[in-house]
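Just below is one structure, and these are the notes that go with it.
The values are calculated or read from the model by the stated rules, or taken from the named source; none is laboratory data. Please read these numbers as outputs of a predicted model, since none were measured by experiment. Neighbour counts are summed over all protein chains in view; Cβ atoms, including those assigned to glycine, are modelled from backbone coordinates with ideal geometry.
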Amino acid sequence: MKVMIAGAGSVGIAIAEDLADKGYDVFVMERDLALVDKLSINPRIAYVAGDACEVASLQEAGCAQVDVMVAATGDDEDNLVISLLAKQEFAVPRVIARVNNSKNQWLFNESWGVDVSVSTPQQLTALVEEAVSVGSLVKLLQFEHGNAELVEVTLAGTSPAVGSAIGELGLPSEATIVAALRGGRLVAPKSDAVLLEGDEILLLLTDGADAELKRILIGE
């Protein structure tokens, strides 16, 4: 599988080296010629000088042949342009984009050619919320054009779900429990599994069923 990474900053290089270690065919595009010369000593990764925001540069670098594009620059505007060009001009099957400013998260969707967006600030915030929040719906990860997300809720003692079996909850069709943690141990999310106070529930949620999910797992 061929992967092209736009941006040879610390994030782009880390991704490239990790993928190369796993045996992927990795190309990194960087417009800083001096940086390309410096990094090209690594024989496992092909570094290409060029501006990934330009169609001609992407064409010359062979973007039409890659399976995955990772827009990993430190500029959200550049990452959006790169994603759009990769998807619309070169029909790259999978486009992953880095979100530097979480306030721009809403822009990173299929309209801009983004299949999956990754926001480090948002993920760190989610991890903090997960650690301290009980009885709240915490968004951990957003993917699939922004139409699906992984959420977590730790059941408080007042949750209407406590004491009920998963199959009795009446979850909306847009929500699926993928895992439950109890005392640090994984509990299989079977329909007859009874939920207890303090259980951490992970769910895959689509089509904005937040309100109904909160009613069932958190209460009014």
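At a glance:
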quantity: Residue selected from segment 5-56 under the condition β-branched (Val, Ile, Thr) and buried (at least 18 other Cβ atoms within 10 Å of the Cβ), by the criterion nearest to residue 84 (Cα to Cα); calculated: 5
quantity: Segment 165-220: number of residues that are assigned to a helix (DSSP H, G or I), closer than 14 Å to residue 138 by Cα and among the aliphatic types (A, V, I, L, M); calculated: 3
quantity: Residue 98, sole failed condition from (1) modelled with pLDDT under 95; (2) part of a loop (DSSP other than H, G, I, E, B); (3) within 20 Å of residue 109 (Cα to Cα); calculated: (2)
quantity: So residue 179, is it touching a Pro at 6+ places or on another chain (Cβ under 8 Å) and farther than 15 Å from residue 209 by Cβ; calculated: yes
quantity: Test: residue 125 is exposed (fewer than 15 other Cβ atoms within 10 Å of the Cβ), modelled with pLDDT under 75 and among the hydroxyl-bearing types (Ser, Thr, Tyr); calculated: yes
quantity: Helices (runs of 4 or more DSSP H) wholly inside segment 1-77 containing at least 1 residues that are farther than 18 Å from residue 114 by Cα and within 20 Å of the chain's Cα centre (by Cα); calculated: 10-21
quantity: Number of positions in segment 43-60 that are under 17 Å from residue 15 (Cβ atoms) and in contact (Cβ under 8 Å) with a residue 24 or more places away in the chain; calculated: 4
quantity: Subset of segment 61-77 that is among the hydrophobic types (A, V, I, L, M, F, W, C) and either in contact (Cβ under 8 Å) with a residue 60 or more places away in the chain or crowded, with 16+ Cβ neighbours inside 10 Å (or both) - its residue that is nearest to residue 94 (Cα to Cα); calculated: 68
